[in-house]
Structures are given as C-alpha cells and as structure tokens.
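In what follows, a structure is listed as structure tokens, so that the remarks can point back to it.
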Amino acid sequence: MSSSSSSSSSSPSEDEPRLDQLPSALLDSIMSKLDVVSICHVSITCKAFRSCASQILSFIPNFHLLDIAIAVDLLRPLLLPNPYLRSLKINCGRLDDFSIDLLLRPSLHELYLHNCDDFSGKLISEIGGRCRELRSLYLGSVAGKRGRAIHVSDLEELLNGCSQLETLSLMFDVSIFLRHNFARAWAMASRDLTTLEIGYVSSVMVTELLSPGVASYQSSSQMQPSVLPNIQKLCLSVDYMTDTLVGAISKCLASLTHLDLRDAPLIEPTSTIDLTNLGMQQINPHGKLKHLSLIRSQEYLLTYFRRVNDLGVMLMVDKCLDLESISLGGFCRVTDAGFRAILHSCSKLSKLKVCHGTHLTDLVFHDISATSLLLTNVSLRWCGLITDLSIAHLSCNANLSVLDLRYCRNIGDESLKSISALQKLQILLLDGSNISDTGLGYLGDGVLRSLVSLSIRGCIRLTDECISTLFDGCSGRALQNLDLSNLPNLSDNGILCLAKTGVPIVELRMRECPRIGDTAVMALASMQVDDGGWRGNRLRLLDLYECSVTALAFRWLKKPYFPRLRRLGITGSVNRDIVDALARNRPYLHVSCRGEELGAGYWDGFDGSERHENDEVDELEQWLLEGGSESDEEMLEVDNHEQEMAVALE
C-alpha cells in the first residue's frame with residue numbers, strides 16, 4: 001500500500017496543469033519576445049510548442065541567423081511569409097541567386113547578408129527593386145566565386161530604389177566598376193545616408209566621387225560635395241592612402257565624425273601616391289571628428305608611412321583636440337614626441353591604438369598620470385621598444401577594459417603584476433611576450449575574475465604549469481576565449497588540467513602545439529561545465545592545426561561530444577575520408593584544413609562588447625535535422641575510452 005502511495009505521489013497528476021495547456025494567445029505573446037534560435041529551442045520540447053513556433057515565425061519582427069549557414073530548402077520552413085518582418089540577418093554561405101525570392105521582403109528596414117560569394121550582381125539590383133523601405137544594408141562578399149559578376153547598373157538600381165538608406169556596407173571589391181560610371185551611380189544615393197563602408201575601392205575612384213571635375217586651383221571653400229552630403233561615418237579599404245584622398249574626404253564631408261582608412265600597397269608607394277605631412281594637416285577642417293583610424297596593412301608588402309613624421313602628427317592633433325579614439329598603424333617615423341602630443345592634447349581620448357610604432361618608447365607614458373585621460377582601450381601591437389615600465393604607468397587607468405600587447409617582446413612578469421590591479425579588464429592579448437608560468441599566476445588574484453579573452457600565443461617560456469598557475473584559487477568564470485597557440489612546451493597534461501577547472505571556455509585555440517594530441521581532445525570532450533543551468537561542453541571554436549592528433553581524436557569530435565562546436569581547425573595531412581565522415585556526422589560544423597585562422601580579424605575588431613549568449617543554436621540544428629540519429633558504427637570505439645577519461649579527470 002505504501003509502495004503504491006509512494007508511486008502515485010511521485011508521478012504527476014493527470015489533473016495537474018501543464019505549460020503546453022496555456023491559451024494559445026498567451027503562448028504566442030510569450031514566444032514572440034524570443035529570438036529565432038530561442039523559438040526553435042522551445043519548439044522541440046513538445047508538439048504544442050512546435051505548432052506555436054511555426055505561427056510565431058510568420059509575424060516576428062526580427063529574424064537573425066548568423067551562426068550557421070543553411071541551405072534554402074531548410075531555410076524556407078523557418079523564413080515564412082511575414083508582413084511584419086523588419087530586420088533580416090542571414091549567413092548566406094549555402095545560398096545563391098535562387099534564394100533571392102525567399103530573402104527579399106518589401107517590409108524590411110534592415111538587411112544583413114553575410115558570405116554572399118555564390119550570389120551575382122542580381123542580388124544587388126533586386127534589393128533596390130524589392131526593399132524600398134530599407135534603412136540599413138550590409139552585403140558581404142557578393143560575387144566572390146569565379147563566374148559571378150556585378151555590373152554598375154546593379155549598384156545604380158540599388159541606390160535608386162533604396163532612397164531611405166541611412167547605413168550602407170558593401171563589403172566587396174567595387175574597383176571593378178569603371179570610374180566615371182561609379183561616380184554617376186552614387187549621384188542617386190539617399191540624402192539620408194550617414195554611414196558608408198566599402199570593402200575595397202581605389203583611392204582615385206573615391207577622390208573623383210567626392211570632388212568630380214575639381215581642379216587643383218580651386219579653394220577648399222569651392223569644393224562642395226555633389227554626393228553623400230550627410231555622411232558622418234566613412235570606412236574604406238583602398239589601394240593607396242594619399243594626400244589627395246585624405247584632402248577630398250576632409251574637405252567635402254563636412255559632417256564627418258568617424259573616419260577609418262586602411263590601405264595595403266602591392267608595391268612601395270612613391271611620393272605622389274602616399275600620405276605625407278601635408279595630408280595629415282588637412283584632416284578635420286570642420287572640427288567634428290571624434291574617431292580617426294589610419295592603418296597601413298602589411299598584408300602584401302612590408303611597408304610604412306615613410307613620409308609622415310612628428311610634425312605631421314602635431315599638425316593633425318592641433319585640429320583634432322576632441323578625438324575620443326585614434327588608431328595609427330605603420331607610422332615608422334613618428335617618435336615619442338608625436339605620440340605624446342596625442343596624449344597631452346586630446347583630453348577626451350579613451351581609445352589609443354598604435355601598431356608598428358617602431359620608435360615608441362616608455363617615455364610616451366612616463367607622465368600619463370598627470371593627464372586627465374580615462375583610457376579604456378589601449379593597443380600597442382608590434383611596439384617592440386616598450387617595457388614593463390610603460391605598463392606600470394598605464395595601469396593608473398583603472399577603467400582599462402582592453403589591453404593589447406601583442407609582440408611587445410620586452411613585456412615580462414612585472415607587467416603582469418601591474419595588470420593584476422585592473423579589475424575591469426576584459427581582454428588581454430600577450431602574444432609573443434616574455435612572460436613565464438609564475439607571472440601568469442599574478443592574474444588569478446583579481447583580473448581573471450573579469451577577463452573574458454586571454455591570448456598567450458607564442459609565449460615560448462610557458463609550460464603546462466601555466467594552466468594550474470593561472471587558475472589556482474580562481475574560477476575564471478568570465479573567461480570565454482583562450483589562445484594557447486604556438487606554445488612548444490604545452491602538452492596534453494596542461495589541457496587535462498584545463499578540463500578539470502570547468503572554466504566555460506567558448507573558443508579555444510591551440511595551433512602549432514606539437515605536444516598536444518588525442519588525449520587533450522578526449523579530455524576536452526569529457527569536460528563538464530556547470531554554468532547557468534547548462535552542464536556540458538560549451539566550446540564553439542576549437543583550433544588544433546598542426547597538433548599531433550590522429551584518427552582516434554576524430555571519434556571524440558563527433559556527436560554527442562562537443563555539442564556546440566561550430567568551427568574546427570585541423571592539420572591538412574589528416575586523412576580526407578575521416579574529415580568527410582565528420583562532415584556527414586556534423587553538417588553544420590565548419591572544418592578548416594588549410595591553416596587559415598579561424599575567425600580571422602576577430603581580435604582586431606573586438607572591443608569587449610561581443611558575447612556568446614545565443615548558445616541554443618544546437619536546438620536549431622535539431623529542428624533542421626529532425627533529431628537525426630547517430631551512426632552506431634561510426635561511434636563504436638568512443639565508448640571504450642569514456643570511462644578511462646572519466647577516471648583521468650577525477
């Protein structure tokens with residue numbers, strides 16, 4: 001009798017109300033507050049919620065799906081006819097021109113299409129014809145594949161049709177257009193356009209666009225913009241940064257507050273196609289500039305701004321006293337005097353980024369405490385002359401949240417002592433520095449509690465001990481991104497130690513660590529993270545390029561292990577059949593075998609605002625695949641190692 005009573009008390013009563021029995025109107029109201037991934041997450045719990053989710057997807061205002069690229073036949077059941085849709089963000093890596101009818105909606109105000117390599121210029125022209133209410137448009141890598149073409153008429157139809165555009169990002173090469181046709185197309189651009197970003201364009205095209213037919217004898221007061229009169233933010237990647245380009249932008253765009261210019265010369269620039277002190281002097285004649293970035297990339301050639309010195313920087317600073325952020329890359333002739341002029345003149349500066357500052361020394365920062373600066377973001381990448389003394393002075397900025405010291409070879413353990421006092425630090429990049437296992441221990445006392453991203457790539461003095469030292473006595477619960485690449489003395493034992501900590505890491509890079517092997521992969525697969533009610537492995541990116549992994553490790557990379565993994569880097573010499581089998585097992589896992597950096601450019605653009613919060617994308621995959629079963633044959637040997645690894649992690 002007691003047994004029967006106990007059994008009945010432990011089972012739910014038939015009369016007990018269930019969540020799926022709530023009125024459909026109430027369920028609709030609740031689910032309409034969720035994003036697409038969360039809706040799919042809820043939908044797999046029961047048939048009632050799945051039916052409700054299908055209905056919700058027909059009137060939600062925002063549809064954002066950037067984490068994974070899905071084919072059109074899988075996207076169609078999700079992206080239903082919806083007259084209320086205002087914002088659409090899609091990873092188009094598996095879509096092409098046949099998807100245009102599905103994607104383009106007349107109700108859209110915001111359209112963000114990433115990885116459009118397989119689309120032609122038809123996408124651009126069709127947007128102009130179908131999405132006339134657009135306010136914001138982002139197009140990435142359109143016609144990136146061979147055989148896809150874009151014509152200037154496509155751009156004309158876009159600009160003519162979308163007459164209310166305020167933000168436009170064309171992240172592809174527009175230099176393919178004829179120069180006079182390019183300028184003519186922009187005459188149709190929206191007068192409301194305030195933000196323009198272009199992936200690549202020649203400097204001559206930009207100059208002629210902004211000041212067509214303007215002769216050299218005309219004064220600056222006569223140079224009136226025929227297009228783009230209200231641009232406030234301009235971001236361009238050009239072939240050569242020149243005085244003429246900078247002058248045209250500065251004089252013609254009177255409302256400019258944000259200027260970001262980057263070039264990557266293929267040959268050493270001559271004096272006529274280079275930036276000089278004269279060009280620096282022309283910046284910000286209207287006095288509205290708040291953010292300035294001038295970067296010479298060394299992607300193709302080891303080259304610098306050789307015609308700009310301290311005088312050019314000082315002349316620029318005199319007109320830019322209200323700058324809030326400045327980024328300078330490749331100014332090899334600027335010395336401490338020029339950099340000090342920035343720090344002591346721009347009292348509102350909060351972000352300072354200098355790359356390849358070959359003459360920047362500790363003297364720049366020795367009296368920074370005497371200024372009123374409240375720096376939150378400092379990057380000194382490839383500034384090889386700074387030492388621990390600079391970091392000691394910079395640590396007086398208690399609000400620092402981002403500190404990038406990559407390839408500052410003279411930075412050592414004393415710097416980590418100073419950094420440990422920065423309680424608000426979220427991103428710390430120490431690649432190639434001279435730190436040791438002992439030095440990393442200083443971070444665990446305080447800064448590790450707030451740190452979200454840590455990179456110690458190429459710090460060759462580090463060993464397995466750095467992991468235990470780093471996390472000793474501190475949970476590091478905020479840490480999401482960890483880069484341990486190119487550490488020759490890091491072995492499987494260090495990764496075993498990392499797995500035991502239970503730190504909820506989302507991105508883990510271990511490139512070119514020859515002593516990392518199958519045991520490390522097994523340890524990570526068995527890693528248990530108890531974070532916010534979720535128990536399991538949270539890794540979304542794992543880079544094992546040039547590590548000593550074998551076919552055995554691949555069995556642990558299949559489901560159900562690493563359930564949230566989206567990007568995987570492996571050595572190209574691995575058997576292709578094994579890689580193909582993994583791709584069949586996990587169709588939404590991007591596997592890189594060629595050595596490219598996963599998430600290239602991630603550190604450069606990261607300002608601390610990005611977080612990995614939409615972790616329910618796996619439930620979306622379950623929605624798409626209808627809960628496909630695993631192959632018993634492919635998973636045969638995994639269980640043989642599970643108990644062994646559980647013992648190792650105890």
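The values are calculated or read from the model by the stated rules, or taken from the named source; none is laboratory data. Only a predicted model underlies this, so the values are computations on that prediction, with no experimental measurement involved. A quick note on method: Cβ atoms are made from the backbone with ideal geometry, for glycine too, and the neighbour counts reach across all protein chains shown. Ligands, DNA and RNA are stripped out before the accessible areas are found, and what is left, the full protein with its side chains, is counted by its heavy atoms. Shrake-Rupley method; radii C 1.70, N 1.55, O 1.52, S 1.80 Å.
Details
- Just one of (1) open to solvent by less than 20 Å² (accessible area, probe 1.4 Å); (2) aliphatic (A, V, I, L, M); (3) more than 27 Å from L443 (Cβ to Cβ) fails for V521. It is (3).
- Per-region count, the range 274-307, residues part of a strand (DSSP E or B) and not hydroxyl-bearing (S, T, Y): 5
Per-residue answers, yes or no, for (1) touching a strand residue (DSSP E or B) at 6+ places or on another chain (Cβ under 6 Å); (2) buried (at least 16 other Cβ atoms within 10 Å of the Cβ); (3) in a loop (DSSP other than H, G, I, E, B):
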{"site": "C52", "(1), (2), (3)": "no, yes, no"}
{"site": "F63", "(1), (2), (3)": "yes, yes, no"}
{"site": "L95", "(1), (2), (3)": "no, yes, yes"}
{"site": "P106", "(1), (2), (3)": "no, no, yes"}
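Here is a yes/no grid of residues against (1) within 25 Å of the chain's Cα centre (by Cα); (2) over 20 Å from L508 (Cβ atoms); (3) not β-branched (V, I, T):
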residue	(1), (2), (3)
Y561	no, no, yes
L565	yes, no, yes
L568	yes, no, yes
V574	no, no, no
I578	no, yes, no
L582	no, no, yes
R586	yes, no, yes
H590	yes, no, yes
R594	yes, no, yes
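- Check on L374, free of Cβ contacts under 8 Å to residues at least 60 places away in the same chain, among the hydrophobic types (A, V, I, L, M, F, W, C) and in contact with a Ser or Thr (Cβ under 8 Å, 6 or more places away or on another chain): yes
- Some residue of the range 120-139 being in a loop (DSSP other than H, G, I, E, B), touching a Gly at 6+ places or on another chain (Cβ under 8 Å) and open to solvent by 60 Å² or more (accessible area, probe 1.4 Å): yes
- Of the helices (runs of 4 or more DSSP H) lying entirely inside the range 436-508, those carrying at least 1 residues that are under 24 Å from D388 (Cα atoms) are 437-440, 465-471.
Conditions (1) at pLDDT 95 or above; (2) open to solvent by less than 50 Å² (accessible area, probe 1.4 Å); (3) within 20 Å of S379 (Cα to Cα); (4) of a type outside the set (D, E, K, R), marked per residue:
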| position | (1), (2), (3), (4) |
| --- | --- |
| K288 | yes, no, no, no |
| Y304 | yes, yes, yes, yes |
| R307 | yes, no, no, no |
| L311 | yes, no, no, yes |
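- Any hit, the range 404-413, residues being assigned to a loop (DSSP other than H, G, I, E, B), without any contact (Cβ under 8 Å) to a residue 40 or more places away in the chain, hydrophobic (A, V, I, L, M, F, W, C) and in contact with a Phe, Trp or Tyr (Cβ under 9 Å, 6 or more places away or on another chain): yes
- Scan of the range 357-370 for residues that are open to solvent by less than 30 Å² (accessible area, probe 1.4 Å) and assigned to a loop (DSSP other than H, G, I, E, B), ordered by number: G357, L360, F365
Residue by residue, here is whether (1) at pLDDT 95 or above; (2) of a type in the set (D, E, K, R); (3) in contact with an Asp or Glu (Cβ under 9 Å, 6 or more places away or on another chain); (4) crowded, with 21+ Cβ neighbours inside 10 Å holds:
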{"position": "Q222", "(1), (2), (3), (4)": "no, no, no, no"}
{"position": "Q232", "(1), (2), (3), (4)": "yes, no, no, no"}
{"position": "D243", "(1), (2), (3), (4)": "yes, yes, yes, no"}
{"position": "D263", "(1), (2), (3), (4)": "yes, yes, yes, yes"}
{"position": "T276", "(1), (2), (3), (4)": "yes, no, yes, no"}
{"position": "M280", "(1), (2), (3), (4)": "yes, no, yes, yes"}
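- Unique match (being under 23 Å from I467 (Cβ atoms) and at pLDDT 90 or above) among G536, G517, G599, G502: G517
- Odd one out for L565, checked against (1) open to solvent by 10 Å² or more (accessible area, probe 1.4 Å); (2) modelled with pLDDT of 85 or more; (3) under 28 Å from D404 (Cα atoms): (1)
Every residue, every condition in (1) without any contact (Cβ under 8 Å) to a residue 60 or more places away in the chain; (2) open to solvent by less than 30 Å² (accessible area, probe 1.4 Å); (3) in a helix (DSSP H, G or I); (4) among the β-branched types (V, I, T), yes or no:
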site	(1), (2), (3), (4)
F331	yes, yes, no, no
A337	yes, no, yes, no
K348	yes, no, no, no
V354	yes, yes, no, yes
R381	yes, no, no, no
L385	yes, no, no, no
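- Every residue from the range 402-419 that is open to solvent by less than 30 Å² (accessible area, probe 1.4 Å) and within 16 Å of G446 (Cα to Cα): V402, L403, S415, L416, S418, I419
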